[in-house]
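Participant: Mind looking over this structure? Questions follow.
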Amino acid sequence: MADFGISAGQFVAVIWDKSSPAEALKDLVDKLQALTGDEGRVSVENINQLLQSAHKESSFDIVLSGVIPGSTTLHSAEILAEMARILRPGGCLFLKEPVETAVAVNNSKVRTASKLCSALTLSGLVEIKELQRESLSPEEIQSVREHLGYHSDSLLSVQITGKKPNFEVGSSSQLKLSTAKKSSGKPAVDPAAAKLWTLSANDMEDESVDLIDSDELLDAEDLKKPDPASLRAPSCGEGKKRKACKNCTCGLAEELEKEKSRDQISSQPKSACGNCYLGDAFRCASCPYLGMPAFKPGEKVLLSDSNLHDA
């Protein structure tokens, strides 16, 4: 009992559930009453009725939950928050709960020790410490199976303590703000340095100031008009086969397109008599347009698939 730090005159709350043995609960309460004395008080509360209890905020110095020998109590987030509410600022909570040690197990009923500590922190407690970790007794293993419906060979019993901060939730305090006026004096500046970097319009009008003509900075080479050829960007594909770049802007693409059109025109068969476009009646025996309809001069003539097969 000395581990809980209970002394005379303190108010202690003992939380129990259906897994708590009645005889063990009675023995614990008797020992606590002997420690707190007549000036203190020991309150016993069922965990399922704690949220409906009429306890006011900051009612107890110490809250004990699940510490009854043979008890396998699980604490929800709501229960932990309620315990933190009824604790006085600076009060301590001691709880004992079976935890899972297998990392791969993902069960919502039994948490790991780290998750239990995180839940205590979220409830508003500070200085969370793990005091003891031990194996479950045969009675506790049987209690977990009967009351929790949970079967596992990797369970341990862990005892954790937490402390409520030395202030109440929602409390306020006045901030002491300094009303003394701060000196607004600027750091001293060397007059010589300030004068060195100061230049006014009157200084520019002074006849003693020699201004440099910007044209005098140019020599004869700078004044020469540049050759337009030297300003032209290098042609695309210069020094190798000419090929226009994608999104060409130097004009090579248009130039290559014109050359391609001229090559196509020059590759077409030329008429020796000049009557090829008039029709077969006016064509020579060796005319390449025999069998084709008449066409306009300069018109491009395309051979269809049927003409190619007939040939």
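Participant: Being assigned by the TED database to the domain that holds Val44, aliphatic (A, V, I, L, M) and within 21 Å of Ser53 (Cβ to Cβ): is that true of Ile68 here?
Facilitator: When the stated conditions are applied, Ile68 passes them.
Participant: Okay, moving on. Just for segment 56-77: of the residues that are open to solvent by 10 Å² or more (accessible area, probe 1.4 Å) and either part of a strand (DSSP E or B) or hydrophobic (A, V, I, L, M, F, W, C) (or both), which one is nearest to Leu120 (Cα to Cα)?
Facilitator: Within segment 56-77, the match that is nearest to Leu120 (Cα to Cα) is Ala77.
Participant: Just one of the numbered conditions (1) open to solvent by less than 60 Å² (accessible area, probe 1.4 Å); (2) in contact with a strand residue (DSSP E or B) (Cβ under 7 Å, 6 or more places away or on another chain) is not true of Trp16; which one?
Facilitator: Among (1) open to solvent by less than 60 Å² (accessible area, probe 1.4 Å); (2) in contact with a strand residue (DSSP E or B) (Cβ under 7 Å, 6 or more places away or on another chain), the lone unmet condition for Trp16 is (1).
Participant: Next question, about the same structure. Among the residues that make up segment 78-88, is at least one of them open to solvent by less than 40 Å² (accessible area, probe 1.4 Å) and on the phi > 0 side of the Ramachandran plot?
Facilitator: No, the conditions are met nowhere in segment 78-88.
Participant: Pairs needed: first member in segment 119-141, assigned by the TED database to the domain that holds Ser58 and assigned to a strand (DSSP E or B); second member anywhere, open to solvent by 40 Å² or more (accessible area, probe 1.4 Å) and of a type in the set (Ser, Thr, Tyr); C-beta distance under 8 Å; at least 6 residues apart or different chains.
Facilitator: Ile128/Thr121
Participant: Surrounded by fewer than 17 Cβ atoms within 10 Å (Cβ to Cβ), touching a strand residue (DSSP E or B) at 6+ places or on another chain (Cβ under 8 Å) and more than 16 Å from Gln159 (Cα to Cα): is that true of Ser53 in this structure?
Facilitator: Against the criterion (surrounded by fewer than 17 Cβ atoms within 10 Å (Cβ to Cβ), touching a strand residue (DSSP E or B) at 6+ places or on another chain (Cβ under 8 Å) and more than 16 Å from Gln159 (Cα to Cα)), Ser53 qualifies.
Participant: Can you tell me which of Val189, Val144, Val169 is touching a Phe, Trp or Tyr at 6+ places or on another chain (Cβ under 9 Å), at pLDDT 65 or above and either part of a loop (DSSP other than H, G, I, E, B) or closer than 30 Å to Glu82 by Cβ (or both)?
Facilitator: Going through Val189, Val144, Val169 in turn, just one is touching a Phe, Trp or Tyr at 6+ places or on another chain (Cβ under 9 Å), at pLDDT 65 or above and either part of a loop (DSSP other than H, G, I, E, B) or closer than 30 Å to Glu82 by Cβ (or both): Val144.
Participant: Taking the condition of being open to solvent by less than 90 Å² (accessible area, probe 1.4 Å), part of a helix (DSSP H, G or I) and at pLDDT below 65, how many residues in segment 202-223 meet it?
Facilitator: The total comes to 1.
Participant: Residues being in contact (Cβ under 8 Å) with a residue 12 or more places away in the chain and either buried (at least 17 other Cβ atoms within 10 Å of the Cβ) or not hydrophobic (A, V, I, L, M, F, W, C) (or both): count how many of those fall in segment 93-114.
Facilitator: Start the filter on segment 93-114 by keeping residues that are in contact (Cβ under 8 Å) with a residue 12 or more places away in the chain, which leaves 93-102, 105, 107, 109-113.
This time we only want the ones that are either buried (at least 17 other Cβ atoms within 10 Å of the Cβ) or not hydrophobic (A, V, I, L, M, F, W, C) (or both), so: 93-101, 107, 109-112.
Total meeting the criteria: 14.
Participant: Could I ask something else about it? Does segment 140-160 hold any residues that are under 13 Å from Gly66 (Cα atoms) and of a type in the set (D, E, K, R), and which are they?
Facilitator: Glu140
Participant: Right, something else. When you go through Ala253, Ala294, Ala281, Ala233 one by one, which is the residue that is assigned to a loop (DSSP other than H, G, I, E, B) and at pLDDT 80 or above?
Facilitator: Ala294
The values are calculated or read from the model by the stated rules, or taken from the named source; none is laboratory data. The structure displayed is predicted, hence computed values, not measured ones. Heads up, the Cβs are rebuilt from the backbone with ideal geometry, glycines too, and the neighbour counts pull from every protein chain shown. Areas reflect the complete protein model, heavy atoms only, side chains present, ligands, DNA and RNA absent. Shrake-Rupley method; radii C 1.70, N 1.55, O 1.52, S 1.80 Å.
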